[in-house]
Every structure is written in structure tokens, then in C-alpha cells.
Amino acid sequence: MRTISHFVNGQTLEGTSGRFGDVFNPNTGEIQGRVALATDAELDDAVQAAAAAQIGWAATNPQRRARVMFEFKRLIERDMNALAEILSSEHGKVIADSKGDIQRGLEVIEFACGIPHILKGEYTEGAGPGIDVYSMRQPLGVCAGITPFNFPAMIPMWMFGISIAVGNSFILKPSEKDPTVPVKLAELMMEAGAPAGVLNVVHGDKSAVDAILTHPDIKAVSFVGSSDIAHYVYQTGTAHGKRVQAMGGAKNHGIVLPDADLDQVVKDLSGAAFGSAGERCMALPVVVPVGKKTGDELRERMVAEIETLKVGVSTDAAAHYGPVVSAAHRAKIADYIKIGVEEGAELVVDGRDFALQGFEKGFFIGPSMFDGVKKGMKTYQEEIFGPVLQIVRAESFEEALALPSEHQYGNGVAIFTRNGRAAREFASRVNVGMVGINVPIPVPVAYHTFGGWKRSAFGDTNQHGVEGVKFYTKVKTITARWPEGEVEDSAFVIPTMK
Ligand code: NAD
């Protein structure tokens, strides 16, 4: 059976723990490989290699570092098809969606290609007599990223793309469920010209995460995953003196005002709720139609739309979505549907019995839809992370605005309307980090920044964009004077500008 090993100091590092995680093909339900789970000593080897490489890498001028990023982008484009096939075979998302996963990561690499310009500091000439003040952003040293299964290409690139471009070295601990593409990315980074040790991949579970969070030589940790673990990572990492950003789960709402273009809403909702089997942190699993007429019409049209959805293997170009990542996750989604029925929501479409002919052991689940979901329900409060759409009806704009604003998660939200004034007010008042106006999945472009609010993110800085650069650098401010003439008396009071 294929073994996926660590990648440290530019080389494959066989695991020695004797512990492995199963890597499934979600289409067939078969185990297609096993991934080595790291020991503390292996993580330490990676940190030592990264620390040694970082010194020369930080001293490499930013334009040369950017050239590596340009080449990395070219290599990924060269290998796009092969990478997408591997990604789909371990994750289950359809090939076009895997290409989107890689492409959205590449956009962060494109942003990182501009790092010489972005890293320029500030300068004030003549801040005092003969005094100039300037600032520079310097890398932190060795940084680490811990990533979820659902975007095995994009999220690693969010992190190491920026971190490496600014002059850090990096240790990536990808999800153990789909670990192959992250290793391929590290190999391509070497091929692009990054020195050995600049990007390392260490596989593992909680034990590897704990080794990262407590290692004295790792300066910053970026995490993306579920909220309880994000909170744990934030608390443990900061308690060990690290800079930590930890993105968590989500429950994104789509508000539909009575004047919305319902034809468009139905198409947008269908992709945003069921695309990638709902396994996106920016999926739209809750729709809030305002008013009975909007609600009734939307429900009827969504039922018809769901009937047109094709669930298939990830290589089926006609499939809208593929299997979910694991049997356990499929069972969890089915459990949530059962709980939804028990707590009194109306199950309008039930996808639990779906089976794909010839792939009965695959982790497939059909699309489901609930109506009559209420605020207090467990299935509304918690993230399901599957192809399940919940209709929560509201009577007014204010009631609709309060739902996402008061929810424990605050990642993304969308409003569908033709009324600019209502949209503007909604965007201004809603207590959520990323807002779409007639845009169902408002993932900001790479040169803006990604991050939710409330239990969707712990820490102060977002992913990528200028905030990402801030996260992976520290500012140094220099006050300089080149005196001429007589020696001045010592000053015993704090200097102030006259
Ligand atoms: P997860 O929390 O199970 O795993 C994330 C990472 O944490 C993995 O690398 C995993 O190995 C590690 N991990 C697992 N258990 C751990 C433990 N007990 N202690 C320490 N580390 C542990 O998440 P997942 O199932 O891989 O991904 C799905 C989740 O990620 C969803 O909740 C989704 O909303 C969230 N997500 C959030 C964003 C965002 O930007 N907010 C983006 C993508 C996914």
C-alpha cells in the first residue's frame, strides 16, 4: 500500500512512529494509502532544518524570493490536471472544484509575487532636526500552519505562500485525510528554487499539533479547522508565547429579501449549499427568506432545483458534487438530519437514502432540505458541514439581520436584494466578518483578506492580503541622526519634538 511520508529539508522522511492514518478514496470507500503520523523528534528535525534554512532565505533579497514564487506558480499551472486528480481522489470533490481549490491558492501566490513592493517600509524625513524615522518588516523565523481537509491546496498556500515570501521558513501540518497534494506542493516549491528546509511537511494528528504548539523555536502558528480545536490551538499556542491566528467553523446565512431575483437566488443557493457536498467554510447552509410569499416561492423552486442535481464520482464531469470525505462524516450528517426531524423541523427533501450504482461503498449522501427551522434548534446552532440546506423564515428585515448577527459563528453571510440601500445597511450592521451582496460565497480575493468573527476566528489578524503579511512579520522602527558640529549635552528627560 502507498505510504505518504513527511517532507523535511528537501527530502522524503520516512515516519518512524509506527503510527499511520488511513487515507481513503471517498468514491469507492477503499483505503488507498496510509499517512505516517509524526513523532515529536520528527517534528523537531523539521524545525531544526527550517531554522537553519531560514537564515539564508531571509537574507535572500525579496526580488529573488519573488522569482521563486513566479516559478512555483508556473509549475503548479503545468501540473494542474495531475494535482486536481489526486486532490479529488482523496477529498471527493469533483475535478473542476479541485482545480478551483488550487486556483484560489495560486491567487495568493500571485499576490506573494509582489512581495518586494508590499514589504517596503515607511519613511519620514526630518522627523526632528537632522532626524529621519523609518520602519522595516522583518520575518519571524520558523512558522507553522495546521490545515483542514476541505481545501488541501488553497489553505496551505494561503499560509506558506505569504510566510515564505516574506522570508520565513515553514512547517505545514496538513490534514491527515488528504495529505498527498500538500507534499506535492512542497516538492514543487523546491523545484521552483526554494532552498531545502524552507518548506517542510510533517503529517500527524493531535500529537503533532501539540508538538508544534509547544516547540520553543516556532514563532507563529496559523490554524484553520473546526472551532473547538481552533480555540484550543489559540489558547495553547499563545500560552507558549506564539503569535496565533486560528480560523474555525461556520454557519453562513443567505438573506433573501422580497425584491430579490429569485431565479438567480435559486441557482446561487444550489451551488453554495450543495457544491463540494457542503464541505466549505463559506458554504451557505442557511437561507432566510423574508416574508411568507418569498419563503413559499423559494421553497417550491428549491425543491425543483434540487431534483436537477447530480451526485456522482469526483471524475464525473457532469456531477455537481461528489462524496463527502469519510464514512464517519457521512454518518454525522445523517445524524444531524435525524435530529432535525426530532426537534420538529420539516424535512422537505431527504438525501439520506441516496446510493450511487456501482459505488455503494462510497461516502455519498444526497441533498437534503429542511423548512421551518427555528433559532433554538441544535441543527441550526451547530455546523453540519454537509449537503443540507435549512430554511429559517423571518418576518422582517430586522429579524433576518438578527439571525446571523446573533449566531455563535460569524464567518460569511450573503444578502440577495435589488435594493441598494437595504444591502448597504445590512453590510454595515451585520455582526459577521465577510459579507456578500448578491454574491453567495463571498470569499475575498487574495489581495484582500479572509477572516470571520466570533467563534469563526480566534486571534486578531486575517489570512492573506496585507493582514497576512503583518501576521508573518514584525515591524522594526529606526530613528536615525547623523550629527555634525558640537557635541550636545545629554538629555535626561524623554526626547520630545520641539
Ligand atoms: P478539524 O478541526 O478536524 O482538523 C483541522 C486540523 O486540526 C487538522 O490538521 C487535524 O489534523 C488537526 N486536529 C484534529 N483533531 C485535533 C485535536 N484534537 N487537537 C489538535 N489538532 C487536531 O477540521 P476538518 O474536519 O479537517 O475541517 C473542517 C472544519 O474546518 C470545519 O469546521 C470548517 O468550517 C473549518 N474550516 C474553516 C475555515 C475558515 O477559514 N474559517 C476554512 C476551511 C475550513
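The values are calculated or read from the model by the stated rules, or taken from the named source; none is laboratory data. In this text, all values refer to a predicted model and were calculated from it rather than measured experimentally. Every residue, glycine among them, receives a Cβ derived from its backbone with ideal geometry; neighbour counts consider all protein chains shown. Areas reflect the complete protein model, heavy atoms only, side chains present, ligands, DNA and RNA absent. Shrake-Rupley method; radii C 1.70, N 1.55, O 1.52, S 1.80 Å.
For region 344-395, the spread of Cα coordinates along the three principal axes comes to 45, 19, 15 Å, biggest extent given first. Only Cα pairs under 8 Å and 6+ residues apart enter the sum, and on that basis the relative contact order of region 253-437 stands at 28 percent. Note: relative contact order over the chain, using C-alpha pairs below 8 Å and six or more positions apart, is 18 percent.
For the residue pairs LYS378/LYS454; LYS93/LYS332; LYS173/LYS206; LYS251/LYS292; LYS267/LYS375; LYS73/LYS474, alpha carbon separations beyond 20 Å are given by LYS251/LYS292; LYS267/LYS375; LYS73/LYS474.
Rolled with a 1.4 Å probe across the full set of protein chains, the surface gives THR461 an accessible area near 40 Å².
Note: relative contact order over region 384-461, using C-alpha pairs below 8 Å and six or more positions apart, is 31 percent. Applying 0.36 nm per residue to the separation of GLN408 and VAL303 and subtracting their alpha-carbon distance, the gain on full extension is 34.9 nm. Restricting the calculation to Cα atoms, region 125-276 shows an Rg/Rh of 1.13 when the hydrodynamic-style radius is the Kirkwood one.
Within the chain, the longest segment free of exposed loop sites, counting GluC sites (Glu not before Pro) that fall outside DSSP classes H, G, I, E and B and have at most 16 other Cβ atoms within 10 Å, spans 123-342.
Beta-bridge orientation, the chain: approximately 45 percent antiparallel, per DSSP, counting only bridges with both partners inside.
Placing a pseudo-label 7 Å from each Cα along the Cα-to-Cβ vector at ASN61 and GLU425 gives an inter-label distance of 5.6 nm. Rolling a 1.4 Å probe over the protein chains gives ASP460 an accessible area of about 140 Å².
For region 253-437, the antiparallel share of DSSP beta bridges with both residues in that region comes to about 15%. When Rg and the Kirkwood Rh are both derived from Cα coordinates, the Rg/Rh ratio for region 1-116 amounts to 1.03.
Note on region 253-437: along the principal axes its Cα atoms extend 52, 32, 29 Å, ordered by decreasing extent. Computed from phi, the 3J(HN,Hα) profile of region 70-86 under the Karplus parametrisation 6.51, -1.76, 1.60 (θ = phi - 60°) reads 4, 5, 4, 4, 4, 5, 5, 5, 4, 9, 3, 5, 5, 5, 5, 5, 5 Hz, with x in place of Gly and Pro. Here the ratio of the Cα radius of gyration of the chain to 2.2 N^0.38 Å is 1.06.
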